[in-house]
Structure formats: structure tokens, C-alpha cells
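Written below as C-alpha cells is the structure these notes are about.
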Amino acid sequence: QVQLVESGGGLVQPGGSLGLSCAASGTIYSIGTMGWYRQGPGKQRELVATIASGGVTNVGDSVKGRFTISRDNAKNTVYLQMNSLKPEDTAVYYCNAFLRLVATGARRGYWGQGTQVTVSS
């Protein structure tokens, strides 16, 4: 059973920092792009940041300069470092990864269960 397990959410004050991690587990042949999306109250899910297997990143405009995405391919893990957090960053953050389970199989997207990040004083 393939899983994406997120950790690191919580409550933080405005201006503070928080780190998220997401580890892919199970029988996996290869991992392509990994990333983070978020869905705030009453809002649609939006891109936060993605990172390709070679390290090329794509960061959403609303978090550019404040959030940093990275990955450790040896650990099948993607990270999101969030600095200078604002109340509008409050959302459920979802990990996403494109996985190929066998060499001849197609790569498809998987989602984590989500972790709540609340920015409030």
C-alpha cells in the first residue's frame, strides 16, 4: 500500500515559521514531481510549490520569497519550510507526488491526508 504521510502542521503566530514534511512509503519504483497544495476555508485548493526529481522548483506567487520547498530523494521525502507566516496562510496543506509503482507502469498522482496549519495570534 502506497502512502504519503505528512507531518509538521500546527498553530503558529504571525511572522513565525513552521516546517512540513511528507514521506512516500510502500513499494515504489520511481518518484517524479513532488509538491504541496493548500486549501483555506471557503477557498479552492491552490498550488504552494512543486519540485521535480532533478530539483527544479515552482513556487506559487502568494508564497514566493517566504516558503522553500526541498526534497531528499534517498528518503522519498519532500519538505516545505514556511517563514514569515501570515494569517492568510491558514489552510490544510496537502502533499502530492507522482509515483511509478512498477517499471512498466504509468506514473500517477497521489495525495496525502492533509495537515492543518493555523496562523493566528
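The values are calculated or read from the model by the stated rules, or taken from the named source; none is laboratory data. None of the values given here were measured: they were computed from a predicted structure. Positions of Cβ are backbone-derived with ideal geometry, glycine not excepted, and every protein chain shown enters the neighbour counts. Note: areas computed on protein heavy atoms with side chains; ligands, DNA, RNA excluded. Shrake-Rupley method; radii C 1.70, N 1.55, O 1.52, S 1.80 Å.
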Checklist outcome for this item: Any aspartates and glutamates whose Cα falls less than 20 Å from that of Lys64, other than same-chain ones fewer than 8 residues away, would be Glu46, Glu88, Asp89
Checklist outcome for this item: GNM on the chain, Cα springs under 10 Å; top mean-square fluctuation among Thr104, Thr33, Thr50 goes to Thr104
Checklist outcome for this item: Which of Ala103, Ala49, Ala74 fluctuates most in a GNM of the chain (C-alpha springs under 10 Å)? That residue is Ala74
Checklist entry - Measuring from the lowest to the highest alpha carbon on each principal axis, how far does the chain reach, largest first, in angstroms? => result 49, 26, 24
Next on the checklist: Just to be sure I understand the curve: with the Debye formula and one point per C-alpha of segment 33-92, what is log10 I(q)/I(0) at q = 0.15, 0.16, 0.19, 0.20 Å⁻¹?
Outcome noted: -0.44, -0.50, -0.68, -0.74
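Report for the chain the percent antiparallel among DSSP-assigned beta bridges with both residues inside it, nearest 5.
Bridges in the chain are about 95 percent antiparallel.
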Next on the checklist: Give the aspartates and glutamates whose C-alpha is closer than 15 Å to that of Lys86, dropping any in the same chain fewer than 8 places away, or say none.
Outcome noted: Asp61
Checklist entry - According to the square roots a ≥ b ≥ c of the eigenvalues of the Cα gyration tensor, what is the shape class of segment 70-121, taking rounded for a/c under 1.5, prolate for a/b larger than b/c otherwise, and oblate for the remainder? => result prolate
Checklist outcome for this item: Projecting the Cα atoms of Pro41, Gly16, Val2 onto the charge dipole of the chain, where Lys and Arg contribute +1 and Asp and Glu -1 at Cβ, the residue farthest towards the positive end is Val2
Checklist entry - With all protein chains present, how much of the accessible area of the chain (probe radius 1.4 Å) comes from carbon and sulfur, to the nearest whole percent? => result 48
Item to check | Cα centroid separation, segment 42-74 to segment 1-21 (Å) | outcome: 14
Checklist entry - Given H placed on each backbone N at 1.01 Å, which residues far from Ala49 in sequence or on other chains put an amide H within less than 5 Å of it? => result Trp36, Gly60
Item to check | Whole-Hz ³J(HN,Hα) from phi, Karplus 6.51 cos²θ - 1.76 cosθ + 1.60, for segment 93-104, glycine and proline x | outcome: 9, 10, 8, 9, 8, 9, 10, 10, 7, 9, 4, 9
